[in-house]
Amino acid sequence: MGTKERILEKALQLFNEKGITAVSSKHISDELGISYGNLCYHFPRKDDIILQLYFNMQQRVDDQFKNIEKEVLNFEFMLSRLKVLFEEIYRYKFIYLGITKVVRHFDHIKRHAQQQMQMRRELLHNVGDFLVEQGYMKPFKAQKHKDMLVNALLMITNSWVSDAETFYTGHEEDKVDYYMQLYFNLIHPFLTEKGREGFQKVYKPA
């Protein structure tokens, strides 16, 4: 791992543990045991580190959304991919915990986040259409019902980390699974018998 990658990994660790405000570039360089000048050679400002981590996160999350769409032909495998998506989100939890501050500070991040949200909304609509066509999900009675489900799923995707860090009181190792249950429980009532059979192979509803 090169110096640039080591800086990003250490910054990610510290931002997740302490939050963006409490961690300076000097703090990161001290923790790594490199000179402050060396760090600034790669990232002149702390903002540059935050930006790079944000775009790294978006790329990894986008990859998982695309995998979900790509693997929609295998319903059980597609559902199992959701766990990987949630784990990627939790890996970059500092961004989701401080997203309001981040988007207010970086206008282009706000625009990028809005664009990504629209792409993910369209992707989930396409996945939903396919699952209805294949008999895994019940047809929606109205477009607004489908829209509300997609928006609810995206809302959980974007906000569960904040809820987890504030209100979750269970075992740390069960945290991601708990919020996966909430996510899956939104989907379950919309499944057909065929969908529920596939669903049971991946997840047992509480």
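Measuring nothing but protein heavy atoms, the accessible surface of region 64-206 at 1.4 Å probe radius is 54 percent carbon and sulfur. Taken one residue at a time, the phi angles of region 170-179 give Karplus couplings (6.51, -1.76, 1.60, θ = phi - 60°) of x, 6, 4, 5, 9, 4, 4, 4, 4, 6 Hz. Gly and Pro are set to x. Centre-to-centre, using Cα atoms only, region 89-131 and region 145-192 are separated by 15 Å.
Applied to region 109-124, the Karplus parametrisation 6.51 cos²θ - 1.76 cosθ + 1.60 on θ = phi - 60° returns per-residue 3J(HN,Hα) values of 5, 4, 5, 5, 4, 5, 5, 5, 5, 5, 4, 5, 4, 5, 4, 5 Hz, with x for Gly and Pro. Can you pull the percent of Cα pairs in region 67-160 with separation above 21 Å? Summing the P(r) of region 67-160 above 21 Å gives 40 percent of all pairs.
When +1 charges are put on Lys and Arg Cβ atoms and -1 charges on Asp and Glu Cβ atoms, the dipole computed for region 148-197 relative to its Cα centre reaches about 280 debye. Over the chain, the pair-distance histogram of Cα-Cα distances with 5 Å bins from zero comes to 1, 6, 14, 17, 17, 14, 11, 8, 5, 3, 2, 1, 0 percent, rounded to whole numbers. Arg6 contributes an accessible area of around 80 Å² to the protein surface, as traced by a 1.4 Å probe with all chains present. Taking springs between alpha-carbon atoms closer than 10 angstrom, which of Ile34, Ile156, Ile49 fluctuates most in the Gaussian network model of the chain? Greatest mean-square fluctuation among the candidates belongs to Ile34. Relative contact order of the chain, taken over Cα pairs closer than 8 Å and 6 or more residues apart, is 21 percent. Backbone amide hydrogens, once placed in the peptide plane, bring Met137 within less than 5 Å of Val132, Thr192, excluding anything fewer than 5 places away on its chain.
Between the residues Asn158, Tyr92, Gln143, the greatest Cα displacement towards the positive end of the dipole of the chain, with unit charges on the Cβ of Lys, Arg, Asp and Glu, is found for Gln143. Using equal-weight Cα scatterers in the Debye expression, the normalised intensity of region 1-73 in log10 at q = 0.20, 0.27 Å⁻¹ is -0.79, -1.24.
Taking the longest Cα principal axis of the chain as reference, the axis of helix 46-70 is set at about 20 degrees. Accessible surface for the chain, divided over its residues, is 54 Å² per residue with a 1.4 Å probe. With the gyration tensor restricted to C-alpha atoms of region 116-206, the semi-axes of the equivalent ellipsoid amount to 25, 18, 10 Å, longest first. Between helix 3-18 and the chain, what is the angle of the helix's C-alpha long axis to the longest principal axis, kept within 0 to 90° and rounded to the nearest 10? Compared with the principal axis, the helix lies near 70 degrees.
The values are calculated or read from the model by the stated rules, or taken from the named source; none is laboratory data. What you see is a predicted model; the values in this text were computed from it and never measured. Note: ideal-geometry Cβ built from the backbone for every residue, glycine included; neighbour counts use all protein chains shown. Surface areas here come from the heavy atoms of the whole protein model, side chains and all, with no ligands, DNA or RNA. Shrake-Rupley method; radii C 1.70, N 1.55, O 1.52, S 1.80 Å.
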